[in-house]
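**Q** The structure that follows is given in the form of structure tokens.
The values are calculated or read from the model by the stated rules, or taken from the named source; none is laboratory data. Predicted, not measured: the structure shown is a model, and the values here were computed from it. Using ideal geometry, Cβ is built from the backbone for each residue, glycine included, and neighbour counts are taken over all protein chains shown. What goes into the accessible areas is simple: the full protein's heavy atoms, side chains included, and nothing from ligands, DNA or RNA. Shrake-Rupley method; radii C 1.70, N 1.55, O 1.52, S 1.80 Å.
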Amino acid sequence: MLARELVQLAVLLAKHGPALVETAGEIEPRRLGEYWSTAKCRLDRWNRSLKLFKFVTAAQREQAPRGVSLPALLIEILTGEVLTRSWSAVLCAHDRRRGAREAEPIARSIYIGHLEARNRALHLLLDGTALTLQQTVTIDRLRRRAERWSDLLVARMVPWGESGEYAVDRRRALELAAQMRRADSEAIWSGVFASILAAIWEIPPHASPNADIQSDLASAILGCLPELLFDGVGLLPPFAWVRMSRVADDTQGLLAAMLANEELPAESSEDRAQGALARPRRSQRRF
């Protein structure tokens, strides 16, 4: 999944975030766990690549991690921040509206990890040896645009959960939220979402260095959203496919579990536990 597609998902979450907060029940802990584990895998990949690139200069490109482009990696991290901040704001509002502390601690953990990766990425961007001047200027321009998108999308959720802390510029996000309260906000928000979706095509269509884990991350986030929310929500094409694939996988897993229970009715709980330890999980990934 490309970097620009995750920004599309961030817009989708901000657009329908109030409905999730107002009408949805609790998010399944299993779904939150999938988001946390997938996001942590992506952070681990980023940090390994960033550590290797730290010692790479323009004259030593052959030492770069195989198959990883530094410009594409920096774009993935800096624009991916839009989704991390937007989703964290939604989960924060979801918890605070219910007086709970279940989703926000998970969101905050990933958010802090993303900030650490962002700082390492900015050090490489400003180093001046690993990138050309043109690459540096292009990526920095995208960074500044992504920061504005983040503040707009976080501002959307401020009235529902005081989640301005997840903005790049907290003051700017709070001011935007206050302005929206005094205006015909829904009409203005529609224009904001449309302008962001039009602008994301400036993100270069480079192959994402971590396209597989990006797709898994989108799937994990969509899995946290209630089925009821999708009755009246038109998903953008890439996410409609991810949603359909996830439903099919969940159904297949449920059927497999039901068949396993029917085929082995006499198996003891101890035998099942030992078998689970011996069998590799299908969801395990190698990095």
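**Q** Given the whole protein assembly as supplied and a 1.4 Å probe, what does the accessible area of VAL68 come to in Å², nearest 10?
**A** 30 Å²
**Q** Another question, if that's okay. Suppose R0 equals 35 Å; then what is the FRET efficiency for SER190 and ARG144 from their Cβ-Cβ distance, rounded to the nearest 0.05?
**A** Efficiency at R0 = 35 Å is approximately 0.90.
**Q** While we're on this one: Starting from the Cα-Cα distance between VAL68 and HIS123, subtract it from 0.36 nm times their residue separation and give me the gain in nm to one decimal.
**A** 18.0 nm
**Q** Just to be sure I follow: if Rg is taken over the C-alpha atoms of the range 104-181 and Rh is the Kirkwood radius over the same atoms, what is Rg/Rh?
**A** 1.07
**Q** Report the gain in length on full extension from GLN134 to LYS40: 0.36 nm times residue separation, minus Cα-Cα distance, nm rounded to one decimal.
**A** On the way: separation 94, 0.36 × 94 = 33.84 nm, distance 3.15 nm.
Gain on stretching GLN134 to LYS40: 30.7 nm.
**Q** What figure in square angstrom, to the nearest 10, would you give for the accessible area of LYS54 with a 1.4 Å probe?
**A** In the full protein context, LYS54 sits at about 140 Å².
**Q** Ok, one more. Take the Cα radius of gyration of the range 25-175 and divide it by 2.2 N^0.38 Å, with N its residue count; two decimals is plenty.
**A** 1.15
**Q** Taking the full set of protein chains and a 1.4 angstrom probe, give the accessible area of LEU125 in square angstrom, rounded to the nearest 10.
**A** 10 Å²
**Q** Show THR23, THR84 ordered by accessible area, largest first, where the area counts protein heavy atoms only and the probe is 1.4 Å. Intermediate results must be reported in sequence, preceding the final value.
**A** Details: THR23 100, THR84 5 Å².
Heavy-atom accessible area, descending, gives THR23, THR84.
**Q** Using a Förster distance of 25 Å, how high is the FRET efficiency between ARG170 and LEU197, based on the Cβ-Cβ distance and rounded to 0.05?
**A** For ARG170 and LEU197, the calculated efficiency is 0.50.
**Q** From the protein chains alone at 1.4 Å, what is the descending order of accessible area for ILE200, ILE188, largest first?
**A** ILE188, ILE200
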